[in-house]
Amino acid sequence: MAVLKTEELTYIYSQGTPFEKTAVDHVSLEINEGEIIGIMGHTGSGKSTLIQHFNGLLKGTSGKIYLDGRDIWENKSEIRQVRFKVGLVFQYPEYQIFEETVYKDIAFGCKNMGLDDKEIKRRVIETAYDIGLPEEILEKSPFELSGGQKRRVAIAGVMAMNPRVLILDEPTAGLDPMGRDRIFDCIKAYHKKTGNTILIVSHSMEDIARFADRILVMNNGSIFCFDKTEKVFSRAEEISRIGLDVPQITKVFMELKKQGLDFGREVYTVDYAKELILKKLRERGIKC
């Protein structure tokens, strides 16, 4: 059974006014337990509005959303519990840091869940370790940390709650390549350890391509495509036409195909490209 499901979900901003805009338009999808889903789309495509429906921060104008087969709005008094199960990390989450110490900031969500002090301490220390923050940092002010460390503190605060579904909106925005890689390594390690479902919104197909099981591409509030990563990249030219940039390595192999060198598969990561090239060379008797 799908952990998250939407049926004809629609959301209209400023309905009934001259500024009315349909941000999410009859979206129906299913997300399975344990998947890593990449969500992409140009600015204004509806992707950020969509993810805010998954934990009830927004309520659809029409349509339904289900968590573990149950309509999240069936009982409005239980929407707080939904938000514990579906954790959302906003873009630039470090701007939401406010506690006196790193420890207190990571512990904030756990306290709201009503966990006892012993369990909170265990989760904070364990999550800090998992996301690459040394234990001695926990008693420091988060405002003394680097930008990348602040980002990890903010993400750790949601991870410590151990949500069934973790949603990250542009988790590496504004970071340098090293900081970006560190965040993604932590996300992959978290998924391997917990098996929880992860949704990542990103403008970078190169980042998403590295580890997403499926990719959801939004366009003008609707689903342009939602499929396995390799199948999405088989539509690279269509994706480019709606304003998204495919990975550089994909562009290289698209050009090679035009020149008559067809590798027979869609290429979207450098490691996979290397594997295919070496295989082709070996087939031609070239030692490598």
FRET efficiency, 1/(1 + (r/R0)^6) with R0 22 Å, evaluated for residue 96 and residue 59 via beta carbons: 0.50
Extension gain, residue 21 back to residue 1 (0.36 nm per residue minus Cα-Cα distance, nm): 3.9 nm
Cα centroid separation - the stretch 137-173 against the stretch 199-278, whole Å: 29
Cα-based helix-to-principal-axis angle, 147-159 vs the chain, degrees rounded to 10: 70
Gain on full stretching of the segment that runs from residue 280 to residue 255 - 0.36 nm per residue minus C-alpha separation: 7.3 nm
Rounded to 5, the percent of DSSP beta bridges in the stretch 2-246 classed as antiparallel: 55
Angle between the chain longest axis and helix 102-112 axis [Cα atoms, degrees, rounded to 10]: 70
Counting DSSP beta bridges with both ends in the stretch 138-286, the antiparallel % (nearest 5): 55
Segment residue 248-residue 14, length gained on full extension (0.36 nm per residue, minus Cα span): 80.3 nm
Loop-located GluC sites (Glu not before Pro) in the stretch 37-122, at most 14 other Cβ atoms within 10 Å (DSSP): 74, 100
13 Å beta-carbon shell around residue 91, net charge (K/R +1, D/E -1): -1
Overall Cα dimensions of the stretch 247-288, principal axis frame, Å, largest first: 28, 22, 13
Per-selection Rg to Rh, the chain - Cα, Kirkwood hydrodynamic radius: 1.01
Positive-end residue, the stretch 23-75 charge dipole about Cα centroid, Cβ charges, pick of 63, 32, 42: 42
Proximal aspartates and glutamates relative to residue 251, as straight alpha-carbon distance under 12 Å, when same-chain residues fewer than 8 apart are discounted: 206, 237, 266
Charge context of residue 143, other residues only, Cβ under 11 angstrom, K/R +1, D/E -1: -3
Residue 185-residue 122 pseudo-label distance in nm [points 7 Å out on the Cα-to-Cβ vector]: 2.8
Spacing of the two label points (7 Å from each Cα toward its C-beta) at residue 227 and residue 271, in nm: 2.4
Residue 238 versus residue 113: modelled label distance in nm, points set 7 Å from Cα along the beta carbon direction: 4.0
Helix axis angle, 270-283 relative to the chain longest principal axis, alpha carbon, degrees: 30
Three-way shape call for the stretch 36-124 based on the alpha-carbon gyration tensor, with the a/c threshold at 1.5: oblate
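Values quoted throughout were computed directly from the atomic coordinates according to the rules given, and no laboratory measurement underlies them. Predicted model only: the values in this text are computed from it and were never measured. Note: ideal-geometry Cβ built from the backbone for every residue, glycine included; neighbour counts use all protein chains shown.
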